[in-house]
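What follows is a set of notes on a single structure, which appears directly below.
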Amino acid sequence: TEKTPQRRIFNTYPISHKLSRPVLIEAFAEHYRQLAADSEYRFQEEYDDLRSIGTNYSSLIGERAENRLKNRYTNILPYDHTRVKLIEMNEDDEEDIGSTYINANYISGYTSPREYIATQGPLPTTKDDFWRMIWEQNTQTIVMITRCVEKGKVRCDHYWPFDSDPTEYGDITITMASESVLPEWTVRDFTLELKREVRSLRHFQFTAWPDHGALGRTDLLLRFVRTVRGQIPRNAGPTIVHCSAGVGRSGTFVAFDFVLQHLARKENKFIDIFGVVARMRQQRCYMVQTEAQYVFIHKAVLDVLEGRVSDSNW
Ligand SMILES: CNC(=O)[C@H](Cc1ccc(NS(=O)(=O)O)cc1)NC(=O)[C@H](Cc1ccc(O)cc1)NC(=O)OC(C)(C)C
């Protein structure tokens with residue numbers, strides 16, 4: 001009998017497809033419409049395809065018994081391969097991994113492989129380590145996307161001074177130089193001092209985004225991201241982005257900031273939100289933690305492309 005021609009069936013995407021799904025910018029509106037059709041069926045499908053990405057990476061240091069109390073949530077641990085290591089404090093020869101541990105990961109961005117550090121909201125027991133990380137990483141911008149207490153639950157320690165009195169966090173003295181409270185966010189300027197060296201840092205706290213919820217208004221996120229992006233010093237180390245767990249709202253902020261930087265370059269003809277989130281998921285677990293946040297990123301990008309919200313860089 002005539003041999004049936006062998007049809008090669010790809011039951012698994014080639015790796016490149018699995019981790020990226022670029023869309024022509026001029027076709028993005030139609031792409032969004034298709035994903036949103038039938039009660040967002042294809043958004044759900046695409047978000048489900050992200051679930052397994054990154055789950056093969058280990059979090060052995062975060063799982064250690066001596067580090068258990070340094071984690072805010074039992075299920076949100078930093079991957080070993082991208083975790084931020086605090087510089088050794090003791091002189092002993094053997095490495096004391098516990099003294100170098102903080103629940104934080106480097107996240108690559110549009111201009112640098114360590115453009116951001118995504119981290120949990122500090123705990124009372126980790127806020128000194130948090131400031132130590134900021135000093136060691138030469139961070140000059142903190143983006144906080146949570147309130148300390150939401151719906152009666154503590155989401156983050158008040159890890160900065162309550163007033164302008166200099167306050168010590170370990171070896172570092174923090175002084176609040178100014179505080180500007182706006183309807184949706186607060187901007188604070190701090191000075192940090194260690195062994196007579198003084199540095200400055202700007203703290204942006206977005207206060208209008210409930211945990212596990214979607215923000216709803218894309219113009220708010222756009223204005224906030226642009227405000228922050230426009231004030232990050234060029235010579236600074238990684239920008240710290242945190243919420244309560246450092247994955248949902250933080251991941252949404254980072255993804256949108258990345259895409260806006262990408263769109264600002266006219267030579268770019270494609271946009272790959274799936275690929276941006278997939279890459280972040282290989283660096284920190286659950287980045288963009290809900291499907292609603294994933295849809296929200298798309299809606300915010302669509303609104304920018306269609307001019308419903310103005311972004312002068314774009
Ligand atoms: C869905 N909620 C969670 O997964 C949170 C961690 C978390 C993730 C994301 C966010 N949003 S944010 O990243 O935007 O801050 C807040 C909190 N985890 C907990 O509350 C976990 C329970 C849990 C929930 C879901 C799960 O799959 C596994 C374990 N509880 C927990 O860690 O309990 C403590 C705080 C008493 C130690």
Handout entry: Flag for SER250 being within 21 Å of ASP129 (Cβ to Cβ), within 16 Å of the ligand (Cβ to nearest atom), in a helix (DSSP H, G or I) and not aliphatic (A, V, I, L, M)
Key = yes
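This table checks each residue for (1) part of a helix (DSSP H, G or I); (2) more than 22 Å from VAL84 (Cα to Cα).
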residue	(1), (2)
ILE134	yes, no
THR139	no, no
ILE142	no, no
ARG147	no, yes
HIS158	no, no
PHE162	no, yes
ASP165	no, yes
GLU168	no, yes
ILE174	no, no
Handout entry: Count - residues of segment 212-237 that are among the charged types (D, E, K, R) and not in a loop (DSSP other than H, G, I, E, B)
Key = 4
Handout entry: Some residue of segment 221-228 being within 16 Å of the ligand (Cβ to nearest atom), within 21 Å of MET144 (Cβ to Cβ) and either touching a Gly at 6+ places or on another chain (Cβ under 7 Å) or of a type in the set (D, E, K, R) (or both)
Key = no
Practice task
Could you please give the count of residues in segment 55-86 that are small (Gly, Ala, Ser) and either at positive phi or exposed (fewer than 15 other Cβ atoms within 10 Å of the Cβ) (or both)?
Solution key: 2
Fill in the blank from the handout: ASN235 meets each of (1) at pLDDT below 95; (2) under 18 Å from LYS127 (Cβ atoms) with one exception, condition (2)
Fill in the blank from the handout: Only one of ALA255, ALA278, ALA300 is surrounded by fewer than 22 Cβ atoms within 10 Å (Cβ to Cβ) and modelled with pLDDT of 95 or more, namely ALA278
Problem - Pairs with Cβ under 9 Å, 6+ apart, first in segment 239-265 and without any contact (Cβ under 8 Å) to a residue 24 or more places away in the chain, second more than 6 Å from the ligand (Cβ to nearest atom) - result: ARG265/TYR110
Problem - When residues of segment 131-169 are limited to those that are within 16 Å of the ligand (Cβ to nearest atom) and either under 15 Å from SER200 (Cα atoms) or aliphatic (A, V, I, L, M) (or both), the one surrounded by the fewest Cβ atoms within 10 Å (Cβ to Cβ) - result: VAL149
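The values are calculated or read from the model by the stated rules, or taken from the named source; none is laboratory data. Here the structure is a predicted model, which is why all the values come from computation and not from measurement. Methodologically, a virtual Cβ is constructed for each residue, glycine included, from the backbone with ideal geometry; neighbour enumeration extends over all protein chains shown.
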